[in-house]
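Worksheet: one structure, shown below.
The values are calculated or read from the model by the stated rules, or taken from the named source; none is laboratory data. These numbers were taken from a predicted model, which means no experiment stands behind them. Cβ coordinates were reconstructed from backbone atoms using ideal geometry, including for glycine residues, and neighbour counts include every protein chain displayed.
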Amino acid sequence: MENQHAFALPRLHRWVRDDVAYILPMAVFLLITAAGDHWPAFFPASYVVKTVLAGILLILLWRHYTKIRWDYAWLGALIGVVGVVQWVGMEKALLHFWPHYPRLSQDVFDPMHIGPRWWLVSFLFFRLAGPALVVPPMEELFWRDFLWRTFLAPNDYRMAQVGEWDWKVFAGITALFAAEHIQWITAIVWGVMIGVLLVRTKSLGACIVAHGVTNLLLGVYVLWSHDWMFW
């Protein structure tokens, strides 16, 4: 029996290709996000569901991903702090000086209306934990590992190195990443910072830390200020 299980696990592992492993968590996350946007009453539950499912998929598929180097994590944390100042500051400036800049003000979701209290506390926990712990590895593995290297080596992304420089790839990934956000100008600047961090350090870990710190501090700012448009 022990030998049968030992051979079964590798076969299970081969059910998912490496490229699919990168795409699947993002696809599930975005699909449930779309459902939550389409049915507003489902939004709080959808956030919890997509956070849990994406987190589980990342754990189950982790062995498919590039081994992450955590060099320059301190620099990633510093960039993360700069990133939240840049994100909030730029959005405030753009909304002030450009009245027609895309905004979420008409669709802002105020979680303080959620009841009962246990559900409000649970939602706020996932609303902080998701962006800080799940989204950073999911997005950095997809955007600045898999897709970046796929653009460099379309036949086999593994032939390209993490953080390998190409200005067209740098610009393309930054633009696609920004297109995922309604705050696209702010996202472009943030994407450039993370792209430079990746190219200079070759460290996905530093990018994940930067992403996590920015998202966590942004969540803390929102809870402190009740400026819900940033959520």
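Of all residues in segment 130-156, those that are over 22 Å from Trp167 (Cβ atoms) have Cβ atoms under 6 Å from Cβ atoms of residues that are not in a helix (DSSP H, G or I), 6 or more apart or on another chain, in Leu141/Tyr65. Taking (1) at pLDDT 95 or above; (2) outside any helix (DSSP H, G or I) in turn, His181 satisfies each apart from (1).
Scanning segment 185-203 for residues that are in contact (Cβ under 8 Å) with a residue 60 or more places away in the chain, more than 13 Å from the chain's Cα centre (by Cα) and assigned to a helix (DSSP H, G or I) yields Ile185, Thr186, Val189, Met193, Leu197, Thr201. Criterion first (under 15 Å from Val82 (Cβ atoms) and assigned to a helix (DSSP H, G or I)) does Val134 satisfy it? Criteria not met by Val134.
Conditions (1) closer than 18 Å to Ala206 by Cβ; (2) surrounded by 11 or more Cβ atoms within 10 Å (Cβ to Cβ); (3) of a type outside the set (A, V, I, L, M), marked per residue:
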{"position": "Trp70", "(1), (2), (3)": "yes, yes, yes"}
{"position": "Ala73", "(1), (2), (3)": "yes, yes, no"}
{"position": "Gly76", "(1), (2), (3)": "yes, yes, yes"}
{"position": "Gly83", "(1), (2), (3)": "yes, yes, yes"}
{"position": "Glu91", "(1), (2), (3)": "no, yes, yes"}
{"position": "Phe109", "(1), (2), (3)": "no, yes, yes"}
{"position": "Leu124", "(1), (2), (3)": "no, yes, no"}
{"position": "Arg127", "(1), (2), (3)": "no, yes, yes"}
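When Leu197 is tested against (1) under 18 Å from Asn215 (Cβ atoms); (2) at pLDDT below 95, exactly one condition is not met: (2). Of the residues making up segment 174-195, just one is more than 16 Å from Phe142 (Cα to Cα), in contact with a Lys or Arg (Cβ under 9 Å, 6 or more places away or on another chain) and either of a type in the set (Phe, Trp, Tyr) or surrounded by fewer than 15 Cβ atoms within 10 Å (Cβ to Cβ) (or both), namely Ile182.
Each residue in segment 34-63 was checked for being in contact with a Lys or Arg (Cβ under 8 Å, 6 or more places away or on another chain) and either part of a loop (DSSP other than H, G, I, E, B) or at pLDDT below 95 (or both), and 1 pass. If the condition is being closer than 30 Å to Ile114 by Cα and touching a Leu at 6+ places or on another chain (Cβ under 9 Å), then segment 137-186 contributes Pro137, Met138, Glu180, Ile182, Gln183, Thr186. All told, Gly163 meets the bar of being buried (at least 18 other Cβ atoms within 10 Å of the Cβ) and not in a helix (DSSP H, G or I).
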